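What follows is a single structure, written as structure tokens, with notes after it.
Just so you know, all these numbers are worked out from the coordinates, no wet-lab data involved. All of these numbers come straight from a predicted model, not from anything done at the bench. Neighbour counts are summed over all protein chains in view; Cβ atoms, including those assigned to glycine, are modelled from backbone coordinates with ideal geometry.
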Amino acid sequence: MVERIVLHIGTEKTGTSALQVYFHENRAVYRAQGVLYPETIGPVVHEPLAAFAAADHKRDDLRRNRLIVSDEDLAAFRAEVRTALSREVERAGCSTVLLSNEHCHSRLRSIEEIERLRSLLAPICPRIEVYVYFRRQDTLALSWYSTRVKSGFKQQIFFPEMDLKRLYYFDHWKIYSQWAQVMGKEQVHVRLYEPKSFVNGDLIDDFADFAHLPLPQGCVHPARRNESLSGAATEFLRLFNNVFPSHIEGVRNPDRTGIVQLLEAHVAGKPVMPPRQQALEFMALFAEGNEKLRLALGLTHRETLFDMDFSRYPEAENALDPQEILSNEEAVRIASLIWQHAHAFKKP
């Protein structure tokens, strides 16, 4: 009999991939411990959760990838997910069901959508515990920018320039409030994404402590990957995107195959940093919401929700000058690296 559902919703850019790979690779060990990490709704990432719960009219990549193009397709998909998940849970006989999908943070933006997800899970077990890590918004934006560049983004925009109503992705107070309204405040558990404070300095250990999950002996920890591109590499890739777009007429551009992985492997380093004033102005958008969240979480021992040290940012306003980020010499070095690997690949 299922006693609790542990629903990990991210947020994005808080190590979700590492956690998901860990639970996927150790699924059998955890099942023996009474914790089911379902595979019928995605072996590694439980993307169908967000695809199921999103508003009917949405036809984003999560649904396009599943060939959902009509209302009939969506209805059939939802019925399939509901049946597959309930059957797997019933057959497993585990007391805990662990689900993880960061798209629940980024894609489910309304009360209606969160309620629809609850309607999927509540028949399995009414005790749905939501776990979420929140990261300081400016550092979240920098990581988000890097990911967008890797995906083909062409503009040098680190902090989204839009009004607060459109900044849901970064609005931790709004996210917390909506999930608490649907699931119950006592069932929404928040931890700040501060790696220096992780249990044993490890995200997996920290999440196990956070969500009251076991850490069985013999579990395989996924190899740590350094996916941070240097500032020069990020700028090179951004300019590269203007010549080799990620998609051509809706089809993935084959000429970009391997470029991101190559740069990650050989040109890692410290990311490019925008001027400090930009970061301060961006964080000011969330000052009121962050303070509400600090009080709601009872973090009275902290003066602010997050550590507000901005010393890592340069004070110079010309910090984003392309020539300052990517010199001609460095651009040639990166181009030479790409050439060498492409030439080696073509050798018989």
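Computed FRET efficiency, Cβ-Cβ of ASP202 and SER95, R0 22 Å: what is it to the nearest 0.05? Computed FRET efficiency for ASP202 and SER95 comes out at 0.30.
Computed from backbone phi with θ = phi - 60° and the Karplus coefficients 6.51, -1.76 and 1.60, the 3J(HN,Hα) list for segment 327-332 is 6, 4, 4, 5, 4, 5 Hz; x is used for glycine and proline.
Helical runs (DSSP H, four residues minimum) scored at -39500 (n - 2.57) apiece and divided by the length of the chain put the mean residue ellipticity at 222 nm at -13500 deg cm²/dmol.
Of the chymotrypsin sites (Phe, Trp or Tyr not before Pro) found in segment 1-84, no site is in coil according to DSSP while having at most 12 other Cβ atoms within 10 Å of its Cβ. Full extension of the chain between GLU161 and VAL44 yields a length gain of 38.8 nm, computed as 0.36 nm times the residue separation minus the alpha carbon distance. Label the chain by shape, choosing from rounded, prolate and oblate, from the square roots a ≥ b ≥ c of the eigenvalues of the Cα gyration tensor; if a/c is under 1.5 it is rounded, and otherwise prolate applies when a/b is larger than b/c, oblate when it is not. The shape class here is prolate. For LEU36, the amide hydrogen comes within under 5 Å of the amide hydrogens of THR96, VAL97, LEU98, counting only partners 5 or more places away or on other chains and with H modelled in the peptide plane. Computed 3J(HN,Hα) for segment 13-18, one whole-Hz value per residue from the Karplus formula 6.51 cos²θ - 1.76 cosθ + 1.60 where θ = phi - 60°, is 6, 10, x, 4, 4, 4, glycine and proline marked x.
Fully extending the segment from ASN253 to ASP56, taken as 0.36 nm per residue of separation minus the present Cα-Cα distance, adds 67.9 nm. With springs only between Cα atoms under 10 Å, which of LEU67, LEU326, LEU192 fluctuates most in a Gaussian network model of the chain? Looking only at LEU67, LEU326, LEU192, the biggest GNM fluctuation is shown by LEU67.
Assuming charge only on the beta carbon of Lys and Arg (+1) and of Asp and Glu (-1), the dipole of the chain about its Cα centre is about 680 debye to the nearest 20. Just flag the chymotrypsin sites (Phe, Trp or Tyr not before Pro) in segment 182-257 sitting in loop per DSSP whose Cβ has no more than 13 other Cβ atoms within 10 Å. In loop regions of segment 182-257 (DSSP not H, G, I, E or B), there are no sparsely surrounded chymotrypsin sites (Phe, Trp or Tyr not before Pro). For the chain, averaging the sequence separation of C-alpha pairs within contact (under 8 Å, six or more residues apart) and dividing by the residue count gives a relative contact order of 20 percent.
In the elastic network of the chain, a GNM with C-alpha springs shorter than 10 Å, the most mobile of GLY93, GLY289, GLY250 is GLY250. Residues HIS24, HIS46 in ascending order of nearby Cβ atoms (within 10 Å, fewest first): HIS24, HIS46. On full extension, the segment bounded by SER70 and LEU337 gains 91.5 nm, given 0.36 nm per residue less the C-alpha separation.
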